[in-house]
Amino acid sequence: MRRESVTRIMIAASAAVVLSAAESLALEDIMVEEVQANADYIWTLVAAFLVFFMQAGFAMVESGFTRAKSAANVILKNLMDFSMGSLAYWAIGFGIMFGISKTGWFGTSGFFFSDFNIDRDPWVFAFWMFQVVFAATATTIASGAMAERTRFIGYLLYSVVVSALIYPVFGSWAWGSLYKGSGWLEGLGFIDFAGSTVVHSIGGWVALAGAVVLGPRIGKFNKDGSANPIPGHNLPLAALGVFILWFGWYGFNAGSTTRATSDTALIAVTTTLSATGGAVFAMITTWFKYRKPDTSIILNGALAGLVGITAGCSNISPFFAVVTGAVAGVLVVYSAAFFERIGVDDPVGAISVHGVVGAWGTFAAGLFNSADMFNLKIMGVQLLGIATAFLWAFPTAFILFKSIERTVGLRVSPQEELQGLDYSEHGSASYPNFTLTNI
Amino acid sequence: MRRESVTRIMIAASAAVVLSAAESLALEDIMVEEVQANADYIWTLVAAFLVFFMQAGFAMVESGFTRAKSAANVILKNLMDFSMGSLAYWAIGFGIMFGISKTGWFGTSGFFFSDFNIDRDPWVFAFWMFQVVFAATATTIASGAMAERTRFIGYLLYSVVVSALIYPVFGSWAWGSLYKGSGWLEGLGFIDFAGSTVVHSIGGWVALAGAVVLGPRIGKFNKDGSANPIPGHNLPLAALGVFILWFGWYGFNAGSTTRATSDTALIAVTTTLSATGGAVFAMITTWFKYRKPDTSIILNGALAGLVGITAGCSNISPFFAVVTGAVAGVLVVYSAAFFERIGVDDPVGAISVHGVVGAWGTFAAGLFNSADMFNLKIMGVQLLGIATAFLWAFPTAFILFKSIERTVGLRVSPQEELQGLDYSEHGSASYPNFTLTNI
Amino acid sequence: MRRESVTRIMIAASAAVVLSAAESLALEDIMVEEVQANADYIWTLVAAFLVFFMQAGFAMVESGFTRAKSAANVILKNLMDFSMGSLAYWAIGFGIMFGISKTGWFGTSGFFFSDFNIDRDPWVFAFWMFQVVFAATATTIASGAMAERTRFIGYLLYSVVVSALIYPVFGSWAWGSLYKGSGWLEGLGFIDFAGSTVVHSIGGWVALAGAVVLGPRIGKFNKDGSANPIPGHNLPLAALGVFILWFGWYGFNAGSTTRATSDTALIAVTTTLSATGGAVFAMITTWFKYRKPDTSIILNGALAGLVGITAGCSNISPFFAVVTGAVAGVLVVYSAAFFERIGVDDPVGAISVHGVVGAWGTFAAGLFNSADMFNLKIMGVQLLGIATAFLWAFPTAFILFKSIERTVGLRVSPQEELQGLDYSEHGSASYPNFTLTNI
């Protein structure tokens, strides 16, 4: 509770001996380094807290975009994938992603914080805190695409495996480890500063696998393949979720410096401009395509702008940040229409927002790389990373969901689905004092 | 991803040559300065993120205080005025407000970040990030006063002009530029630390112009001029918005130091005490005036306390912060009643909360100025600034809204208004699973 | 608005005289200290802002867990206990808790910020800001347990007394003062880093007293003593509240260092792991006990994990943080069932989440103390602190509520209760555009 200065004590101690000028200066260096390190700690932690809060954003977006009869269920999935996933990431995932590797393919040490020099370097705690919320983001993306028809227990199992294995293995390729050298994709020069691919595309392709294995919600498609709209039950709640996500995204992108430096400022600017570009161009696209500026699509446009800039937030100029976001905003509209046309039911558009736009953002990080624009070699590496992410995440997630389907079961019964998952899975109603309709 | 120390590298480099004691000390100075600058960056950015989050607060307050049939529309207006406005502020507004001036009246350089020494001084990015969320706050204030009857496209045009011109021009008078000397109001000694006038009154007078040009909602006033209450559809949502605004306001006020210093602490305290004073005295006022402590009025009382202290948060003592908030809390009740009596329909009370109380707060910053209390000269300058803000913002906004009215159109048709703007402007419903009533 | 360096000016001034090497180094020391202090200010303030935001979390949790007809009333109580309580804590509470003591039992100076060296040490403002939001947390806990039947004016009186007296007196015993030596419990070695007992148990026992004095809501219990469930009206709102509380809790726990140091990192980790442990084990418990994973109970499980780790967040290892949270998650389920069985109506489970689990967390901080695990002496002191908190808070609060009951009145009339407090206390409805049912 009381403020006492470690540094002051050090100085007092040092006064007992006569220091040479050189020794005194060396002591000053250490003191200055300590203060900078302290600033790095608090910046990284505050950013991690903001990214944690994105869980609330995902929960509200996904709940608002789906029906009232499953509103609490989709929120609980978000809460529990974070809870199960954090424990799994502590136990296994963090070691796989950032531990020292014996195989050369992923880390094989550092499980349960073992093997790290915790006592001498508490940085591992700050770094884990920042990473666990990233893992949780990747994991939670699928919950929206799988909403309103997934068994709760099946989803819990899924979240453990993604947090412990699927996400960390790819992460180790792209972001290397805490102590050893870089991962193989990073070694090739792959640019994904804050995770358009590592987090969002991985999450998006897992979501695609989930939506494919599950199949569409009852009533989503007619026999001729045409789709029926199933409007979200609470657009203000969804919009609140988008604002929360945008707010948290500043921690996601600018915090990825994990250092308190002036580099953070450009990142905040590009993040803002890309998000606004995404919102504006999604609005324009929907206005032309559907004659009215559709609420849900505009909200997803803002998210697309955020996903799009995540890879290149630190190496794209403000102008090209607007371009990156604008393309993301157009792309998300057509991508969502495409997946609906091929019969994939993604209630919240997660596959398009995170998977497809994540891929675009990763490519844009190479295309608009300020230091070396339109460099074919860099663009080739970006494409390799994008393809690798799909080839890793989609098949492994597909196998995972099929395995869950054949064991504990992945989808609720038609009767339970029609009742709504709030009642069938949790025995409660989200809105017991409101008269509901069209459910 | 990995933490490497620039400073350490500098030291390592310096070890190659033998430095004199004086040279070593100079190097130390630079290192310490760098760490303080880094702290300034993260403080200013975190504060900017908090102010960004106020957009969610405005959206929820305005949506909660209006009817269910236009709930998503009012939120979309908040999202899009930020999105359109940020692009406009990047392109034009920031240069007008903080660029170097050729005219002496406002900046004429720095559009699209041009002319700034971006490579050598990334501070311009941090400063822009902090300023763009202020511009967005000023712009978004009108959306509440104009809710439930404004055409979406007209509102989009409005938000571009306010963010690009109306807000930045006055801002340049009161807050000067990034590099050149101060603006003319600042030069006279005008005190408006975080923007009671620059942001809130400007926004409030623009809102007044909008509400006057639009006219009241259908059914708001009877033929004899008496008013009918149109209660907000979701008070918990509005209350959440108030909490979010209060939370973000700490960034608004304390972040306006744009430096990580001990000066921030008093600002946090005065902001808290004024907000609580506003809530308590609005409650007492409504209890006496209307016999019951009215929910909406108390919520607006807290906001009034926040607007009131914004100008003087750094130069008013804790005791007078309570007084400032208390007066704001009383004032907002009578002001809202006054505007209703003269036939201005402001669904959320934005004109009173931001315009009128912003003027009071600016006056209070002179009146209760700790360094020199009740100084007539300072109070005169404050009145000059308050009057100038009105004389600049109201007429220009009036002309703007009239121009929009005569071109693309400002108000929806009566039929669209009765349907609700969610359906007529966006083709969707905010709450499709709920049975609605009294709409 | 413009950035000028105080330090640079100091150096410039110092250049006018020739400094010895020793003098120069001393100047450097002061500069480095100043930068660290600045980092401490912004960390402590940002943490305080996060803790402030917990008020929104409490408001949403309590409103969501109760009925629609009193939704705004319970939120207003949260807003007003913060507002009344902050003024009371500024006037009286802070002086009692952290002022210099003449009695030896609690502080008797520092009321209205008097007696502190404000001009020379603005730290008192930062410290107050951090402490006032803690006081508000303790005060607001009772509002959930007392929901749907408490008179508004009675609750206002209560909040003043708890913030001014009941909370600060115990706080002074456990956390000592700003300048003088430690309180008597602290002197014995009592471990309660961020307030499992000081804030949460105190709040919980006050809530228990309130619920007992009030009696249960009409219809809660049958004549045979069996209980009827009264489901909360808006689970997404309650879930949002839980996410907000979790987010703010990082400020609550990690901010309690009140210094920007590396110690903050472990705290963030243990807070996360305990919260996840609480959610997972509450889920498992409810699944076994009630056959379905109940939404409300899981949400309370996450909160229990957070309350549980609050005392020991800085001295418990990550592994035992999971254990602490897991026990909290199990405990909260059985505790809530217990209080219902003995006829105490706690609509949101506040007594269990904060009172009972706060006691467990305080014991766990001794039990799992990394430096000296299972030390009987420490565990004895922890039990003494836990018992003292109950013996102080429950009786004083009981007397307080009885006094309010006999003077202004504590409970609304049965007719008002059936109408709902939104209408009877505030003359308004929370959801006037929605058709309500089961109310």
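The values are calculated or read from the model by the stated rules, or taken from the named source; none is laboratory data. The model shown is predicted, which means the values in this text are computed figures rather than measured ones. All Cβ positions, glycine included, derive from the backbone under ideal geometry; neighbour counts span all protein chains shown. Surface accessibility is based on the protein's heavy atoms, side chains included, excluding ligands, DNA and RNA. Shrake-Rupley method; radii C 1.70, N 1.55, O 1.52, S 1.80 Å.
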Response to the item:
Rounded to a whole number, the mean other protein chain Cβ count within 10 angstrom for residues of B:186-196 is 0
Worksheet item: Tell me, what ³J(HN,Hα) does each residue in the range B:243-259 have, in order and in whole Hz, if you take phi through Karplus 6.51 cos²θ - 1.76 cosθ + 1.60 with θ = phi - 60° and put x for Gly and Pro?
Response: 4, 5, 4, 4, 4, x, 5, 4, x, 4, 7, 5, x, 5, 5, 6, 9
Worksheet item: Ignoring any ligand, DNA or RNA, what whole percent of the accessible area of the range A:28-426 comes from carbon and sulfur when the probe is 1.4 angstrom?
Response: 66
Discussion item. Give me the inter-chain shielding for A:116-122: mean count of other chain Cβ atoms within 10 Å, whole number please.
Written reply: 2
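If we count every other residue with Cβ under 14 angstrom of B:V357's Cβ, Lys/Arg +1 and Asp/Glu -1, where does the sum land?
Here the count lands on -2.
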Practice prompt. Please sort by residue number the trypsin sites (Lys or Arg not before Pro) in the range A:57-114 whose DSSP state is loop and whose Cβ has at most 13 other Cβ atoms within 10 Å.
Written response: A:K102
Discussion item. Can you compute the helix-only [θ] at 222 nm over the protein assembly as shown? Use -39500 (n - 2.57) per DSSP H run of at least 4 residues, normalise by all residues, nearest 500 deg cm²/dmol.
Written reply: -21000 deg cm²/dmol
Fill in: Efficiency of FRET from Cβ geometry, C:K377 and B:I399, R₀ 51 Å, rounded to 0.05
0.05
Discussion item. Can you tell me the orientation of helix C:21-64 relative to chain C, as the angle in degrees between its alpha-carbon axis and the longest Cα principal axis, to the nearest 10?
Written reply: 10
Discussion item. Can you give me the long-range amide H partners of B:F434? Hydrogens built in the peptide plane at 1.01 Å from N, cutoff under 5 Å, separation of 5 or more residues or another chain.
Written reply: A:T437
Discussion item. Pick from A:V280, A:V35, A:V162 the residue whose mean-square fluctuation is largest in a GNM of chain A, springs joining Cα atoms under 10 Å.
Written reply: A:V35
Worksheet item: Taking springs between alpha-carbon atoms closer than 10 angstrom, which of B:V32, B:V61, B:V169 fluctuates most in the Gaussian network model of chain B?
Response: B:V32
Worksheet item: Once amide H atoms are built 1.01 Å from N in the peptide plane, which residues 5 or more positions from A:R151, or in another chain, come under 5 Å H to H?
Response: A:R411, A:V412
Practice prompt. Can you pull the one-decimal nm distance between simple spin-label points at A:I118 and C:F319, each 7 Å off the Cα toward Cβ?
Written response: 0.8
Worksheet item: Given a Förster distance of 51 angstrom, what is the FRET efficiency for C:S226 paired with A:K289, based on the Cβ-Cβ distance and rounded to 0.05?
Response: 0.30
Discussion item. Report the Cα centroid-to-centroid distance between the range C:33-110 and the range A:284-306 in angstrom, as an integer.
Written reply: 41
Fill in: Simple spin-label estimate for C:T437 and B:Y334 in nanometres, 7 Å along Cα-Cβ
4.8
Worksheet entry | Cross-link partners of A:K102 among aspartates and glutamates (Cα-Cα below 15 Å; sequence separation of 8 or more within a chain) | A:D115
Response to the item:
Order by accessible surface, 1.4 Å probe, largest leading, for residues B:I351, A:I386, B:I284, A:I399 comes to A:I399, B:I284, A:I386, B:I351
Item to complete: Pull up all non-local amide H partners of A:F221: gap of 5 or more, or a different chain, and H-to-H distance under 5 Å with H placed in the peptide plane.
Response: A:N228
Fill in: Residue range of chain B that is longest and free of chymotrypsin sites (Phe, Trp or Tyr not before Pro) which are both DSSP loop and sparsely packed (at most 16 other C-beta within 10 Å)
B:106-373
Discussion item. On a 1.4 Å probe surface of the protein chains, which of B:D224, A:D263 comes out largest in accessible area, and what is the full order?
Written reply: B:D224, A:D263
Worksheet entry | Within 10 Å of each Cβ in B:61-72, the average number of Cβ atoms from other chains | 3
Worksheet, complete the sentence: One finds, for B:T103 and B:L188 with R0 = 22 angstrom and r their Cβ-Cβ distance, a FRET efficiency to the nearest 0.05 of 0.75
Discussion item. In whole Hz and in residue order, list the ³J(HN,Hα) couplings for the range A:289-306 that follow from phi through the Karplus curve 6.51 cos²θ - 1.76 cosθ + 1.60, θ = phi - 60°; x for Gly and Pro.
Written reply: 6, 10, 6, 9, x, 6, 4, 4, 5, 5, 4, 5, x, 4, 5, 4, x, 6
Worksheet item: With every protein chain left in place, what is the accessible area per residue of the range B:28-426 in square angstrom, probe 1.4 Å?
Response: 27
Worksheet item: What order do B:S317, B:S430 take when sorted by accessible area (1.4 Å probe), most exposed first?
Response: B:S317, B:S430
